[in-house]
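*Asks:* Structure in structure tokens, see below.
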Amino acid sequence: MTSGDNRLQRAERRALQREDEKYLGLPLNLGPDPRSIAAHVRHVARLFSQPSVESPCAEVMAHLGELYSRTVPKAQVACRRGCASCCTQMVSVTAPEALWVAATIRRRAQSVEKMRAADAQTHGLTMDERLKSHIVCPLLVEDACSIYAARPLGCRGFVSVDLNACLATFVGGAAPNIPMPASYTDILYAVRMLLYAALRIKGLKDAAYELNAAVLAALAVDDPEARWLEGEDIFAGVPVTGGVPPHFDLAISQLAAHVAPTV
Ligand code: SF4
């Protein structure tokens, strides 16, 4: 430790980084041993600060997406390629997710046009209004996600064990009652918690936005990611999609406070 504060010295941080490597390629350990979670928070916080990397946000989200996929059990979910009725819901994204999607479609004129057209219909709708509107995500092409590698965590983590329940809700208009395996939702929450904790450690905004509006805001400016990482609020004016529940918020803050001195 340094004498004036509780931050680790450079050599101690390097040693910890080497120790962290043991956990980064493994599934997330949600048991009582906190080292796996702390290692991933440190890693994600470090990824946000890589000056030489073209898109730190893409690296962060790719890491977390792979971590989620590696950790969920290979349970029998009903989700299959070509089954996309759920891609009519409002998708909530953090800034790094929106920035990665924007970078992915920036040079795809047709995708950008479709996103503008969809936003004209969806802007300002509540989650419930959006569900009832049945407006299809503009990124869905031939019943497949056209940004599959960069799809948001919420899309990755939305799974169901009952196709009929999905069809009843997303096609038939019934009240949502989608049976999701608890193991999947627990892991999705844990991965989101890592992201939020790392954002807080780096002093980056952790708001969540509606996907279409957030992506268009990122596409509207040059160098959106660099500007956002430098603290410019390029998403000002984009509707936020609800805050973090208080108990979750407290857990994220405690995790960030625990890990911050070691980054
Ligand atoms: S981003 Fe991809 S997975 Fe998510 S709603 Fe749109 S098409 Fe579906």
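Coordinate-derived values only; no laboratory data. A quick note: this is a predicted structure, and the numbers were derived from the prediction, not measured. When we count neighbours, we look across all protein chains shown, and the Cβ atoms used for this are built from the backbone with ideal geometry, even at glycine.
*Asks:* Arrange the following residues from fewest to most other Cβ atoms within 10 Å of their Cβ: SER146, SER52.
*Replies:* Listing SER146, SER52 from fewest to most nearby Cβ atoms yields SER52, SER146.
*Asks:* Can you tell me the relative contact order of the chain? Whole percent, Cα pairs under 8 Å, sequence separation 6 or more.
*Replies:* 26 percent
*Asks:* Further question: Which log10 I(q)/I(0) values, to two decimals, does segment 183-260 give at q = 0.11, 0.16, 0.20 Å⁻¹ under the Debye formula with one point per Cα?
*Replies:* Summing over Cα pairs of segment 183-260 leads to -0.33, -0.69, -0.98.
*Asks:* Rounding to the nearest 10 and keeping the result within 0 to 90°, find how far the Cα-based axis of helix 182-201 lies from the longest principal axis of the chain.
*Replies:* Here the helix axis deviates by roughly 50 degrees.
*Asks:* Can you give the angle from 0 to 90° between the axis of helix 35-47 and the longest principal axis of the chain, with both taken from C-alpha atoms, to the nearest 10?
*Replies:* On a 0 to 90 degree scale, this one is about 80.
*Asks:* Each residue of segment 71-85 in turn: what ³J(HN,Hα) in whole Hz from Karplus with 6.51, -1.76, 1.60 and θ = phi - 60°, glycine and Pro shown as x?
*Replies:* Once θ is set to phi - 60°, the couplings for segment 71-85 become 8, 5, x, 7, 6, 7, 8, 7, 5, 9, 4, x, 9, 9, 4 Hz.
*Asks:* Let me ask something additional. Expressed as a whole number of Å, what is the distance separating the alpha-carbon centroids of segment 169-192 and segment 71-104?
*Replies:* 12 Å
*Asks:* Work through the residues other than GLY243 whose Cβ is under 12 Å from its Cβ and net out their charges, Lys, Arg +1 and Asp, Glu -1.
*Replies:* Taking every Cβ under 12 Å from that of GLY243, the sum is -2.
*Asks:* Compute the whole-percent fraction of alpha carbon pairs in the chain spaced more than 24 Å apart.
*Replies:* In whole percent, the share of Cα-Cα pairs in the chain beyond 24 Å is 50.
*Asks:* Something else now. Which are the unpartnered cysteines of the chain, meaning those with no other cysteine Cβ under 4.7 Å from their Cβ?
*Replies:* Here CYS57, CYS79, CYS83, CYS86, CYS145, CYS155, CYS166 come out as lacking a disulfide-compatible partner, given the Cβ-Cβ threshold of under 4.7 Å.
*Asks:* Using the 2.2 N^0.38 Å rule of thumb for compact globular proteins, work out how segment 42-90 stacks up: its C-alpha Rg over that value, please.
*Replies:* Here the Cα radius of gyration is 1.58 times the empirical estimate.
*Asks:* Using the alpha-carbon atoms, what tilt in degrees (0 to 90, nearest 10) does helix 246-259 show relative to the longest principal axis of the chain?
*Replies:* On a 0 to 90 degree scale, this one is about 30.
*Asks:* Eight or more residues apart or on different chains, and alpha-carbon atoms under 28 Å: count the Lys pairs in the chain matching that.
*Replies:* 4
*Asks:* Along the positive direction of the dipole of segment 26-162 (beta-carbon charges: Lys, Arg +1; Asp, Glu -1; about the Cα centre), which of LEU139, ALA102, SER69 reaches farthest?
*Replies:* Positive-end residue among those listed: SER69.
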